[in-house]
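Scroll down for the structure; my scribbles are underneath it.
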Amino acid sequence: MVVQVPEGRFVIEQAPVPDRHGERRGVVAEGPVGMRWAGRFRIFRYEIRAWQDGRIPDVAAAVASPVRVTEDLDHARRVLNVLPMIPTPVWGRDELRTGEMWNSNSVVSWALTRSGTDLANIRPPRQGRAPGWDAGTVVAARA
């Protein structure tokens, strides 16, 4: 997800932790991968970034994008403001009991839901799917 505000362009993503310099990538949270205890090791952690001027390495492989969600500046700022409060369950597990594993789609749907986005018109691309999307919306609605 990309959020554009006057202060800059922010890439919101969940990705592996490549090094100990998360501040360079705007890391707002980290969580474990696979099993909670394994998260002690960097190789088994993910990070959630609000990366100013960041890049999404595989954006060229996106099936149907970009999809503009809103032009509202206050709304865009709300998306950025809620990110530090995002839950960090074990990636690849249904630790939050939503019926789906937590993943990058969960991060996006959680941030959009918590910021007040109406998700009624946001759908996966034709013949595509977004596993984990519902997990984010369910968890965001609980809070």
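The values are calculated or read from the model by the stated rules, or taken from the named source; none is laboratory data. Predicted model, so just to flag it, every value in this text is computed and none were measured. Note that each Cβ is placed from the backbone with ideal geometry, even for glycine, and that neighbours are counted across all protein chains shown.
For this structure, a couple of remarks:
- Residue among 121, 81, 103 that alone is without any contact (Cβ under 8 Å) to a residue 24 or more places away in the chain and either touching a Cys at 6+ places or on another chain (Cβ under 6 Å) or not small (Gly, Ala, Ser) (or both): 121
- If only residues of the stretch 78-98 that are over 12 Å from residue 136 (Cβ atoms) and more than 15 Å from the chain's Cα centre (by Cα) are counted, the one that is surrounded by the most Cβ atoms within 10 Å (Cβ to Cβ) is 95.
- Residue match in the stretch 30-39 (condition: modelled with pLDDT of 95 or more and either assigned to a loop (DSSP other than H, G, I, E, B) or among the charged types (D, E, K, R) (or both)): yes
- Residue match in the stretch 54-65 (condition: polar (S, T, N, Q) and either buried (at least 18 other Cβ atoms within 10 Å of the Cβ) or not in a loop (DSSP other than H, G, I, E, B) (or both)): no
- Subset of the stretch 104-130 [surrounded by 13 or more Cβ atoms within 10 Å (Cβ to Cβ), modelled with pLDDT of 85 or more and either part of a loop (DSSP other than H, G, I, E, B) or among the β-branched types (Val, Ile, Thr) (or both)]: 107, 108, 113, 115, 116, 117
- Restricting the stretch 5-27 to residues that are closer than 17 Å to residue 82 by Cβ and either free of Cβ contacts under 8 Å to residues at least 60 places away in the same chain or polar (S, T, N, Q) (or both), the residue that is surrounded by the fewest Cβ atoms within 10 Å (Cβ to Cβ) is 7.
- Unique residue being farther than 18 Å from residue 107 by Cα and basic (Lys, Arg) when the list is 45, 49, 40, 25: 40
- Residue that is surrounded by the most Cβ atoms within 10 Å (Cβ to Cβ) [pool: residues in the stretch 66-77 that are of a type in the set (A, V, I, L, M) and assigned to a loop (DSSP other than H, G, I, E, B)]: 69
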